[in-house]
Amino acid sequence: MKNIKLIALIIIVFIIFTASACSKNNSDNTNGANEQSQANNQVSSTEATTVERPDIPAGTNYNGYNFKILARHFGTDPVSEVYTEQETGDTMNDALYKRNNAVEGLLNIKISQVTTTDTDLVTYVKKIVQAGDSSAFDAMCIQDWDNIGLLQAGSLVNLYTVPNMNLKKQWWDQKAVADLSYKGDKLYAVNGDICWYDKYSLMVVYFNKNLFDKNGLQYPYQDVLDGKWTLAEFSALIKNFTKDVNGDGILDQEDQWGMLENVGAIQHFMIGSGETVASVNSDGVPVINSLSDRQLSVVEALGNLFSDKNNVLIAQSGQMPNVDDQWTDGLFYVFRNGRGLMMAEMVGTIPTFRDMEDDFGLLPQPKFDETQPDYCTFTSGGWASSYSIPITSSDISRTGMILETMAGYSSDTIIPALIDVSLKSKFARDEQSGKMLEIVFATKKYDWCERFQWGGIYDVYANVTTNGFGNFTSSVEKLMPKTQAALDKTINIFESLN
């Protein structure tokens with residue numbers, strides 16, 4: 001027994017001594033190992049067994065390299081998805097700081113943000129690339145549409161070829177990888193946990209709970225969960241709800257409406273119905289779907305609904321001729337003042353209604369019918385950010401390792417801050433809306449034509465929103481040669497790129 005106690009005592013002393021020695025070694029370490037230890041402490045104590053991490057080769061050390069990321073324009077919005085100097089108490093800011101601090105410690109780097117006053121970001125980047133300037137920035141976090149322009153200019157690296165990037169990992173948006181890859185092995189921009197404006201880019205359906213209550217309507221939450229939230233149910237709710245509140249004989253922003261949307265309604269709700277203008281075929285090559293039997297049925301049903309000006313107030317359709325800002329002073333004005341039963345907008349607009357007096361709930365876009373297997377959510381290339389790498393990046397392997405690590409360490413920093421705190425707890429009005437947001441985030445669907453806008457065919461759908469289905473088929477047929485030629489040009493570009 002005495003021997004056992006003595007052995008135990010020796011073990012305890014050894015552990016204490018070892019811990020002390022390790023602590024001293026870490027404090028003296030100058031090669032990045034101490035930063036890695038500190039970085040690991042930036043995340044929760046349980047994450048080592050619950051969160052998958054990027055595979056960082058032993059000894060990886062970039063010797064304090066200043067990793068520069070070109071950030072997108074946000075107008076007057078000071079938000080940044082790339083860098084913040086310090087913690088401020090703001091949820092998203094502090095999550096960004098925590099993520100960056102962890103990555104900087106793990107790889108011994110400094111993350112910095114690069115901006116430009118040039119209003120045309122595509123032209124600016126093309127100039128940098130043409131000049132062969134490898135010092136300007138290593139990677140970009142910019143608007144999806146800007147990345148499309150740079151892809152077509154041959155300015156971007158194929159992310160499938162980037163060492164240390166694994167596009168199969170869950171921290172990259174697997175919906176985007178599947179929907180937007182050319183032939184399954186070419187992709188030039190990607191989003192995921194690393195940024196959050198791709199989540200803000202998703203469409204959500206607001207509903208005014210006060211108006212539902214006053215009119216004896218049941219909240220659709222359970223129908224959503226049961227897979228029964230369909231276009232038929234949605235249509236039944238919004239039809240015959242409009243009222244000429246001020247009695248002036250004109251239906252406009254001063255009246256009550258069943259639905260509030262903009263001229264993109266057909267494109268938006270067509271995605272919700274599981275259809276896209278263009279998608280990749282079994283060979284991974286984009287094709288136009290406009291004249292498929294199912295899509296024609298979907299567009300006709302949506303056209304009959306949204307072109308009825310007695311049911312739906314459409315921004316940019318001429319229904320509010322005296323309103324300069326068709327959103328703030330039009331759709332948002334109506335909904336905020338309790339006169340819109342439902343409204344479709346992007347997730348990023350949710351904070352706009354934080355101080356709205358009436359309670360509101362959130363829903364995914366409806367299915368076309370119950371035979372549709374899953375809900376689908378429209379994603380806007382104008383809202384979304386995505387990461388890309390210019391062909392001038394000085395060390396592609398290093399860039400890949402840094403982006404992979406940033407993405408991998410965003411899953412339990414950026415994402416919980418965005419979804420669990422900012423959107424669910426801070427802005428959503430009830431627990432059920434939080435569950436609806438989970439469905440929205442899980443059901444992204446991307447449309448190639450929304451990104452590339454081939455031949456003007458995408459605009460034909462907006463015309464259906466305004467004028468109905470009548471001329472849709474003939475308009476598509478008329479534009480198909482031009483559209484196919486533009487699509488073929490895009491295919492040729494992909495074929496020519498590495």
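The values are calculated or read from the model by the stated rules, or taken from the named source; none is laboratory data. Quantities reported herein were computed from a predicted structural model and do not represent experimental measurements. Using ideal geometry, Cβ is built from the backbone for each residue, glycine included, and neighbour counts are taken over all protein chains shown.
The rows are residues; the columns are (1) surrounded by 14 or more Cβ atoms within 10 Å (Cβ to Cβ); (2) at pLDDT 50 or above; (3) closer than 15 Å to MET406 by Cβ; (4) among the hydrophobic types (A, V, I, L, M, F, W, C).
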site: ASN34; (1), (2), (3), (4): yes, no, no, no
site: GLN38; (1), (2), (3), (4): yes, no, no, no
site: GLN42; (1), (2), (3), (4): yes, no, yes, no
site: THR60; (1), (2), (3), (4): yes, yes, yes, no
site: GLY75; (1), (2), (3), (4): no, yes, no, no
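What do you reckon, is ALA265 in contact with a helix residue (DSSP H, G or I) (Cβ under 6 Å, 6 or more places away or on another chain) and either crowded, with 19+ Cβ neighbours inside 10 Å or of a type in the set (Gly, Ala, Ser) (or both)?
Spelling it out, ALA265 is indeed in contact with a helix residue (DSSP H, G or I) (Cβ under 6 Å, 6 or more places away or on another chain) and either crowded, with 19+ Cβ neighbours inside 10 Å or of a type in the set (Gly, Ala, Ser) (or both).
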Inset, instruction - Can you run down the residue pairs with Cβ atoms below 6 Å, 6 or more apart or on separate chains, where the first is in the stretch 163-183 and among the charged types (D, E, K, R) and the partner is modelled with pLDDT of 95 or more? - result: ASP173/ASN191; ASP173/GLY192; LYS175/LYS444; ASP179/TYR446; LYS183/GLY284
Inset, instruction - Could you tell me whether any residue of the stretch 236-252 is of a type in the set (S, T, N, Q) and in contact with a helix residue (DSSP H, G or I) (Cβ under 9 Å, 6 or more places away or on another chain)? - result: no
Legend entry - Long-range neighbours under 9 Å by Cβ, at least six apart or interchain, first residue free of Cβ contacts under 8 Å to residues at least 60 places away in the same chain within the stretch 308-337, second surrounded by fewer than 14 Cβ atoms within 10 Å (Cβ to Cβ): PHE332/ASP325; ARG336/ASP355; ARG336/GLU357; ASN337/GLU357
Inset, instruction - Could you check how many residues of the stretch 103-139 are hydrophobic (A, V, I, L, M, F, W, C) and under 18 Å from ARG451 (Cα atoms)? - result: 2
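Residue-by-condition table, conditions (1) surrounded by fewer than 21 Cβ atoms within 10 Å (Cβ to Cβ); (2) in contact with a Cys (Cβ under 8 Å, 6 or more places away or on another chain); (3) farther than 29 Å from LYS186 by Cα:
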| position | (1), (2), (3) |
| --- | --- |
| TRP448 | no, no, no |
| PHE452 | no, no, no |
| ASN467 | yes, no, yes |
| GLY470 | yes, no, yes |
| LEU479 | yes, no, no |
| LYS482 | yes, no, no |
| ASP488 | yes, no, no |
Inset, instruction - Being without any contact (Cβ under 8 Å) to a residue 12 or more places away in the chain, assigned to a loop (DSSP other than H, G, I, E, B) and closer than 23 Å to SER380 by Cα is the filter here, so list the residues in the stretch 119-145 that pass it. - result: ASP120
Inset, instruction - Hey, could you check the stretch 377-434 for residues that are of a type in the set (Phe, Trp, Tyr) and under 26 Å from LYS127 (Cα atoms) and say which is surrounded by the most Cβ atoms within 10 Å (Cβ to Cβ)? - result: TYR387
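Can you say whether THR123 is within 15 Å of ALA71 (Cα to Cα), surrounded by fewer than 15 Cβ atoms within 10 Å (Cβ to Cβ) and of a type in the set (Val, Ile, Thr), as far as the supplied structure shows?
Considered against the rule, which asks whether it is within 15 Å of ALA71 (Cα to Cα), surrounded by fewer than 15 Cβ atoms within 10 Å (Cβ to Cβ) and of a type in the set (Val, Ile, Thr), THR123 comes out as yes.
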Legend entry - Count of the stretch 156-180 residues which are polar (S, T, N, Q) and either farther than 16 Å from ILE389 by Cβ or crowded, with 23+ Cβ neighbours inside 10 Å (or both): 2
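Taking the residues in the stretch 293-308 that are closer than 16 Å to LEU479 by Cβ and of a type outside the set (Val, Ile, Thr) as candidates, determine which candidate is farthest from the chain's Cα centre (by Cα). Don't jump to the end; show me each part of the working.
Taking the stretch 293-308 first, the residues closer than 16 Å to LEU479 by Cβ are 295-296, 299.
With of a type outside the set (Val, Ile, Thr) added as a condition, the list becomes 295-296.
Details: GLN295: 25, LEU296: 28 Å.
The residue in question is LEU296.
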